[in-house]
Amino acid sequence: MFDITVFFPRAVAQGIPLLFGSTGETLTEKAGNLNLGIPGIMYVGGISGVIGAFLYEQNTSNFNPFLAVLIPFLASLAGSLIMGLIYSFLTITLRANQNVTGLALTTFGVGIGNFFGGSLIKLTGAEVPNISLSATSICFRKNLPFADKFGVFGNMFLKYGFLAYLAIIIALCVSYFLNRTQTGLHLRAVGENPSTADAAGINVTRYKYIATCIGSMIAGLGGLYYVMDYANGIWSNDGFGDRGWLAIALVIFTVWRPTLGILSSILFGGLYILYLYIPSGMNLSLKELYKMIPYVFTVVVLVISSVKNRRENQPPESLGLSFFREDR
Amino acid sequence: MTDKKIAVKMRDISKSFGPVMANDKVWLDIYKGEILALLGENGSGKTTLMNILSGIYCPDEGHIYINDEEVSIRSPKEAFEYGIGMIHQHYKLVEVLTAAENIILGVKQPGKLDIQAVCERTRQLCSDYGFELDPMQKVYDMSVSQKQTVEILKALYRGADILILDEPTAVLTPQETEKLFTILRNMRDSGKAIVIITHKMNEVEELSDRVAILRQGRFVGDMLTSMTNAQEMTNMLVGHPVSLSIDRPDPVDPKPRIEVNGLTVRNEEGVLKLEDVSFTAYSGEILGIAGISGSGQKELLEAIAGLQPTESGSISYINDDGSKEELIGKDPLSIANMGVTLSFVPEDRLGMGLVGNMDISANMMLRSFRSGRSAFLNRKDPRRLAERVVEELEVVTPSVATPVRKLSGGNIQKILVGREISSAPKVLLTAYAVRGLDTNSSYTIYDLINKQKMNGVAVIYVGEDLDVLLELSDRILVLCDGKVSGIVEGRKAEKNSIGLMMTKLGGTG
């Protein structure tokens, strides 16, 4: 029956990509950029890591675990950085509409991912339509050697790959950065009221660019975690699903607070797989209904949170708007 | 004056916006330990001059000396470095941040953000000068005067020695104004140079040590406040009347049309904008409304048009047969259907009345779409009207299909005014109809207004230019701080007496 010690680690594993995505998006949105390209960016982050790992596995004779982690990691960061730069250039420099640009970038990212994914599958000549990078995945999933000694506690909290802990550390760092540093204060001012920030001598364009690019890179790691850790190094096209959209929903759900994101992402991860644990017998159509739970939950929370209208819980005031200095 | 040290010298400053000379070889001296009042009518270039000093505009020519050293100020940041802080009319604050966070914004300081230290210094500044402020309060929770305090503290925190305040009292209650003046005097006594931009004569007399007067972008003169009086300043402010000749046909068959009785209006912040205003507007005459900007003109027109909630009083529309209809409580649409039209030209011309992204003929349609009989829009008539307005008012536009947003301000205005006038109203309310227009188009508009008057329309004309008001209006109602300061005959009125009535109730003393 339902066993929390089994359920919890699975919920966490589901939640970590969402946490990466929502932390990255929060940082981006705090600079006033609504980046709806996050699903595409996470997808590209995943496939870039796969390409890196694939090339390394194919071309090396003596397999070095350290390089096997480092190369996909850097490849993933580079891939999502390029996506972030495209978005920034279009919306900040050319002042294109953020929603349209973001949606286009999602379509573009998924297309790019499937294109390279398909090509690599062709290259391996495998029978099944996926790429298996088990050697790399093992390195990513390596957990603390003493985890088993702690019994249930070890199973629940210590048996994750390093990317899971990195996600939590990044979320805490972003939260600290936003609320406790001068640069974070400037960033929030840029997202709230860019012309005020500009008048105070803050370089609005630079802040927006950097926040968007770093946000994209963080989100891209979510894709990497999904392939290398959650999916055991097996890439199959469209396997990433709708996690990117859930990450964006999570940003609103956590009222732009990365620390809240840590718990909420695990909650969302749990809701995402809850249908597996709800007894529905042989009735498969019922199971499909249960899959709606996280989305219904999001809608309900959005309704509740918009009724409770606290000023601090509102999105950054100029979210989604381009900044023209001449407009002042 | 000789023992005072000079803080800023501005010499031969010129700045033009397109064909308009906002500043024309202006000289200005600002001394330390002195409050300078910069006085001038609207559009006389006061704010432009101060924006140049605070780095928002670059002057076309001229020199600025700070502490006897020539400088060029290219951005607000550089102005801060020279110790110049400007408090704008529209505050630049981030609403969800606290006062302290707003104050520290953009200030370079080493290491980690120590908000406690910022609060501490802010409290210190508060007690030095007599402000009352909680540094941890969020800006959105603040009253207008508290927000102003934050703005002033922002400048002081950066170490400003030269403080410029652009119409600081426009949004304050008398008590808050009194408090602000005390603080400004404290600052002066501690050796700071303070400039306030104003056009309220009583404030100049009460607060300033010296007064400098600008007129139409030119420097008229400066003198010690103690050596002058309101009469002399008004003379300098208004200058010699520019010779204008606008037709003023005699009113045709004047009948009472709009009767306002004891009208009192408060704005959203609860500030009293109109107090016990009563007057009657007749058909076939132009009732001019004079007053310093922000004296309640906007609220008065909007109240008549049904856009402004009123606190007390009545506004009646009087039909030809003498029967009265109350306008308060009616919605703007039914008031408009009775023939009351409002063409108000606010600071942002697009804000009210026109849709920037729609083309000229579609904007014409905004008035007429309800009158169509079929399910489809009648596009022909609005287009014809658009073409007529474009031709008659000489609107510069590629075609009537151009989005209004792309036209220049003056042209946008012509379209707005042209549309309102063409709707054949019974009552025409118009404010600042010629703001920003060149002389030629201004006269076209005056002619149009006169034509309406000849057709028996009751025109209420709010204007900035006293000379024009005097030439155009049959009667002039002078507003002072939301109260009726007096109603004078346009043909007999004198400019100076109206100028005095604008600044002092009743114009005496």
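The values are calculated or read from the model by the stated rules, or taken from the named source; none is laboratory data. On a predicted model such as this, the values are computed, not experimentally measured, just so you know. No Cβ is skipped: glycine too gets one built from the backbone with ideal geometry, and neighbour counts run over all protein chains shown. Remember, those area values only see protein heavy atoms, side chains included, never the ligands or the DNA or RNA. Shrake-Rupley method; radii C 1.70, N 1.55, O 1.52, S 1.80 Å.
Miscellaneous remarks
- Listed conditions (1) under 24 Å from the mean Cα position of the chain (by Cα); (2) free of Cβ contacts under 8 Å to residues at least 40 places away in the same chain are all met by A:GLY281, apart from (1).
- The criterion of at least 2 residues that are at pLDDT below 85 and surrounded by fewer than 16 Cβ atoms within 10 Å (Cβ to Cβ) is met by the following helices (runs of 4 or more DSSP H) wholly inside segment A:229-328: A:284-290, A:293-307.
- Residues in segment B:459-509 that are assigned to a strand (DSSP E or B), open to solvent by less than 50 Å² (accessible area, probe 1.4 Å) and of a type in the set (Lys, Arg): B:ARG475 alone.
- Considering residues of segment B:136-158 that are within 23 Å of B:GLU34 (Cα to Cα) and within 14 Å of another protein chain (Cβ to nearest Cβ) only, the residue surrounded by the fewest Cβ atoms within 10 Å (Cβ to Cβ): B:TYR157
- Breaking point among (1) away from chain B (no Cβ under 14 Å); (2) open to solvent by 40 Å² or more (accessible area, probe 1.4 Å); (3) assigned to a helix (DSSP H, G or I), for A:ARG206: (1)
- Residue match in segment A:177-197 (condition: within 30 Å of A:VAL69 (Cα to Cα), open to solvent by less than 20 Å² (accessible area, probe 1.4 Å) and in contact (Cβ under 8 Å) with a residue 12 or more places away in the chain): yes
- Taking segment A:211-227 as the range and being within 14 Å of the chain's Cα centre (by Cα), open to solvent by less than 20 Å² (accessible area, probe 1.4 Å) and over 11 Å from A:MET42 (Cβ atoms) as the test, the residues that pass are A:THR212, A:CYS213, A:GLY215.
- Near pairs, Cβ below 9 angstrom, 6+ apart or cross-chain, from segment A:233-260 (in contact (Cβ under 8 Å) with a residue 60 or more places away in the chain) to any residue that is assigned to a strand (DSSP E or B): A:GLY233/A:ILE131; A:GLY233/A:SER132; A:ILE234/A:ILE131; A:ILE234/A:SER132; A:TRP235/A:ILE131; A:TRP235/A:SER132; A:SER236/A:ILE131
- Identity of the residue in segment B:102-135, within 23 Å of B:PRO76 (Cα to Cα) and modelled with pLDDT of 85 or more, that ends up farthest from the other protein chains (Cβ to nearest Cβ): B:LEU125
- Verdict on A:ASN143 being touching a Leu at 6+ places or on another chain (Cβ under 9 Å) and open to solvent by 40 Å² or more (accessible area, probe 1.4 Å): yes
- All strands (runs of 3 or more DSSP E) inside segment B:1-104 with 1 or more residues being surrounded by 18 or more Cβ atoms within 10 Å (Cβ to Cβ) and of a type outside the set (Phe, Trp, Tyr): B:6-17, B:20-31, B:34-39, B:61-66, B:84-87
- Top-ranked residue in segment B:222-254 [being at pLDDT 85 or above and not hydrophobic (A, V, I, L, M, F, W, C); ranked as most open to solvent (accessible area, probe 1.4 Å)]: B:SER226
- Segment B:28-81, subset more than 14 Å from every other protein chain (Cβ to nearest Cβ) and of a type in the set (S, T, N, Q), residue nearest to B:ILE213 (Cα to Cα): B:SER44
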